[in-house]
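I am attaching a structure below and will ask some questions about it afterwards.
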Amino acid sequence: MEDGRCPNAVCNLDHRYFSRIHTICDHPDDMWRVIMAYKYQEQRAWAQVLGRVLVGYLEQHRDELARYDVITTGAIYVGPRAQRLWDYLELIMRAAQAQGPGWPFAPRLIAKSGPTGRFLGISPQARREIAEGELRAALSVPAPEDIAGRRILVMDDIYSEGYSLREMARALLAAGAAEVAGLVFARRKGG
C-alpha cells in the first residue's frame, strides 16, 4: 500500500460486495505465524489470546464499530471430509464473548455445506475460481431473519486476496443484510 492502493485483488473489483475491511493487527507477519500455529498446528490455547486481542480492538474502536448490528464468524465447514474438525473462528469468538460481553457476537450466521478447495499456496486466479465456483455453491444463510436489514461484521483470520469474504458478503446481502464489512486479524498480499 506504499502508493496508497490496496494490493489485494478484490479491493480493485467493481463488485466486491463488502463495504470495508477492519484490520486488527498492524504486524501481518507476526499475526500470520500465530494464526498458522493456531489453525494448522492446532495450538488451541491461542483462541483465548486471540479473543482478548479481538475484544481489545473492538473496545479501542468502539465509536466506529458499534454501528454494526451483528459480529459473526466467517463460514467454516467441520463435517465429513472436512480439512479440520473444529471451528477455529467460533472458538475465538466464544473466548471474546466471555471477555467482552455487550458486543453483538453471533457465530455461524453464514454456513458452508461442504469442503471446498484450499486457498493456501495457490495463485490468486485459482483462488478466484474456487471462490466463484465451489465456495459460492456451498455458502448459505440458514436463518435469513437473523440478518435481514442488519449491518453485519464478518470476522475472519487473514485477508489475502479477499475472495472468501467477497463470497460471504454476496451471500449475506442476497439473504437481506443491509451491509457487510470484514474484520480480520491481519491483511497479507497473497498467502
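The values are calculated or read from the model by the stated rules, or taken from the named source; none is laboratory data. Keep in mind that this is a model prediction, so the values were computed, not measured. With ideal geometry, Cβ positions are generated from the backbone for all residues, glycine too; neighbour counts draw on all protein chains shown. Side chains are part of the model used for accessible areas, which takes the heavy atoms of the whole protein and leaves out ligands, DNA and RNA. Shrake-Rupley method; radii C 1.70, N 1.55, O 1.52, S 1.80 Å.
Report yes if some residue within region 107-118 is touching a Leu at 6+ places or on another chain (Cβ under 9 Å) and at pLDDT below 90; otherwise report no.
yes
Let me ask something additional. Would you please name the residue that is farthest from Leu13 (Cα to Cα), looking only at residues in region 105-143 that are open to solvent by less than 50 Å² (accessible area, probe 1.4 Å) and in a helix (DSSP H, G or I)?
Ala138
Given Tyr40, Tyr17, which one is hydroxyl-bearing (Ser, Thr, Tyr) and under 15 Å from the mean Cα position of the chain (by Cα)? Show your work before the answer.
Details: Tyr40 fails: under 15 Å from the mean Cα position of the chain (by Cα).
Going through Tyr40, Tyr17 in turn, the sole match is Tyr17.
Here is a further query. Do we have any residue at all in region 154-172 that's assigned to a helix (DSSP H, G or I), of a type in the set (S, T, N, Q) and open to solvent by 30 Å² or more (accessible area, probe 1.4 Å)? Outline the logic, then answer.
Of region 154-172, the ones assigned to a helix (DSSP H, G or I) are 163-172.
Narrowing the set further to residues that are of a type in the set (S, T, N, Q) leaves 164.
If we keep only those that are open to solvent by 30 Å² or more (accessible area, probe 1.4 Å) too, we end up with 164.
The answer is yes, given that some residue of region 154-172 is assigned to a helix (DSSP H, G or I), of a type in the set (S, T, N, Q) and open to solvent by 30 Å² or more (accessible area, probe 1.4 Å).
What are the residues in region 78-96 that are at pLDDT below 95 and open to solvent by 40 Å² or more (accessible area, probe 1.4 Å), if any?
Passing the criteria: Val78, Pro80, Arg81, Gln83, Leu85.
Restricting to region 54-67, what's the tally of residues that are closer than 21 Å to Ser164 by Cβ and open to solvent by 10 Å² or more (accessible area, probe 1.4 Å)?
Residues in region 54-67 being closer than 21 Å to Ser164 by Cβ and open to solvent by 10 Å² or more (accessible area, probe 1.4 Å): 1 in total.
OK, next. Among the residues of region 30-48, which ones are over 20 Å from Gly121 (Cβ atoms), hydrophobic (A, V, I, L, M, F, W, C) and either touching a strand residue (DSSP E or B) at 6+ places or on another chain (Cβ under 7 Å) or surrounded by 14 or more Cβ atoms within 10 Å (Cβ to Cβ) (or both)?
Result: Trp46, Ala47.
Kindly evaluate Val70 against the criterion of being more than 26 Å from Leu135 (Cα to Cα) and either surrounded by 16 or more Cβ atoms within 10 Å (Cβ to Cβ) or β-branched (Val, Ile, Thr) (or both).
Details: more than 26 Å from Leu135 (Cα to Cα): no; either surrounded by 16 or more Cβ atoms within 10 Å (Cβ to Cβ) or β-branched (Val, Ile, Thr) (or both): yes.
Answer is no for this residue.
Please give the number of the condition Arg94 fails out of (1) in contact with a helix residue (DSSP H, G or I) (Cβ under 8 Å, 6 or more places away or on another chain); (2) of a type outside the set (Gly, Ala, Ser); (3) in a helix (DSSP H, G or I); (4) under 23 Å from Glu64 (Cβ atoms).
(4)
Here's another thing I want to ask about it. Is it the case, given these coordinates, that Gly114 is out of contact with any strand residue (DSSP E or B) (no Cβ under 7 Å at 6 or more places or on another chain) and over 21 Å from Arg16 (Cβ atoms)? Can you show your working first?
Details: out of contact with any strand residue (DSSP E or B) (no Cβ under 7 Å at 6 or more places or on another chain): yes; over 21 Å from Arg16 (Cβ atoms): yes.
Judged against the criteria, Gly114 is a match.
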